[in-house]
Amino acid sequence: MDTVSFTSAMARVPTPVTVVATYGPDGVPYGFTASSFCSASLDPPLVLVCLDKGASTHPAFTAAERFLVSVLGRGQHQVARRFATSGIDRFAAGDLRPLELGLPGLPGASARIACTLHSVLDAGDHTALLGRVERTFVGDRTPLVHVDRRFHHPAQDRPASARRTADPDSRSQPPMQERAFPLIFADRVGATAEFYELLGFTRQSQNPPEGEPAYIGLRRGTTELAVVSADWPAAQCGVPSAPGPCFEMFVLVDDLDTTLKQLADIRVPLLRAPADMPWGERIAHVADPDGNPVAVACAIHS
Ligand SMILES: Cc1cc2nc3c(=O)[nH]c(=O)nc-3n(C[C@H](O)[C@H](O)[C@H](O)COP(=O)(O)O)c2cc1C
């Protein structure tokens, strides 16, 4: 079996993306990105991660008494890249903090699994570290997945607490002829997409995939929306964008007060206080990052 055939086939196997970290006896933190992480036993609870025998962190992990696995989520692929980069201080960014068992972990991870080292097994050019699970943490962030040599995240990323049993975002895409969506022209594309993510939209696509986005496709159930750089109409069609608001997005939520509080917490301006409408809706208006009005509404509960 040649290496290329083997690695090409294995690249098709979706894996998690984790950062495994520990402290050396001198108190220095060590960590590496690992996609070879999986569970190994239920009783006792054991997990397994394979570490290259040639890795700079190999001596520290084989001698460590414990390690903490942070399962990376949406938006954390830069952390994965950093912890896979040789010859840099991977902890210099300060985003890993002492967490479970006092070990370095990522506070915003999708999950964390803290282990004591159970055994160290020879696995060819790698060493399999078997960890006995001592503590776990489950976060809200959708886990990153590594497949076809790229990072992906499943479409649905709303907090578990906000998910209903039949999550509308987990439905497959409607047929082509039932799809249509507006493009919102925004000065701040990323910030505007994040604003809609707060209102339950999920990022589906981004162009370019890395760096400052010019286009972000979003979806909420069967509703689609794209946020596009404000110079798009002029650049593509020779039509300058009109000054002032030219659309109003109307977003229905389960609980208006909770949503308005979340938005107020991140200083989203309230343009119009909630008011009960005779047709049975309670509506407030907030401003998106470019100042466009967005109606946020819920049904009036009698
Ligand atoms: C997505 C991804 C997954 C990786 N998974 C593993 C892994 O499971 N085991 C491993 O030893 N190295 C893995 N690596 C490589 C290490 O993170 C790291 O680059 C390697 O240990 C070299 O580090 P060094 O500079 O400390 O020697 C992975 C890298 C990436 C980008």
Original post:
Taking residue 148 and the conditions (1) in contact (Cβ under 8 Å) with a residue 24 or more places away in the chain; (2) on the phi < 0 side of the Ramachandran plot, which numbered condition does it fall short on, given that it satisfies the others?
Top reply: (2)
**OP:** Keeping to segment 73-97, report how many residues are of a type in the set (A, V, I, L, M, F, W, C), within 11 Å of the ligand (Cβ to nearest atom) and either part of a loop (DSSP other than H, G, I, E, B) or open to solvent by 80 Å² or more (accessible area, probe 1.4 Å) (or both).
**Re:** 3
Original post:
Of the residues in segment 14-46, how many are within 12 Å of the ligand (Cβ to nearest atom) and within 18 Å of residue 105 (Cβ to Cβ)?
Top reply: 13
Original post:
Hey, does segment 51-72 have a residue that's open to solvent by 20 Å² or more (accessible area, probe 1.4 Å), more than 12 Å from the ligand (Cβ to nearest atom) and free of Cβ contacts under 8 Å to residues at least 24 places away in the same chain?
Top reply: no
**OP:** For segment 268-288, indicate whether the set of residues that are in the same structural domain as residue 224 (by TED's automatic domain parsing) and within 17 Å of residue 182 (Cβ to Cβ) is non-empty.
**Re:** yes
**OP:** Within segment 122-154, track down each residue that is away from the ligand (no atom under 16 Å from the Cβ) and of a type in the set (Phe, Trp, Tyr).
**Re:** 137
Subject >> Tally of residues being part of a strand (DSSP E or B) and either in contact with a Ser or Thr (Cβ under 7 Å, 6 or more places away or on another chain) or crowded, with 22+ Cβ neighbours inside 10 Å (or both) across segment 4-32 >> reply: 10
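The values are calculated or read from the model by the stated rules, or taken from the named source; none is laboratory data. Note that the coordinates shown come from a computational prediction; the quantities given were computed from them, not determined experimentally. As a convention, Cβ positions derive from the backbone with ideal geometry for all residues, glycine included, and neighbour counts pool all protein chains shown. Accessible surface areas use protein heavy atoms only, side chains included; no ligands, DNA or RNA. Shrake-Rupley method; radii C 1.70, N 1.55, O 1.52, S 1.80 Å.
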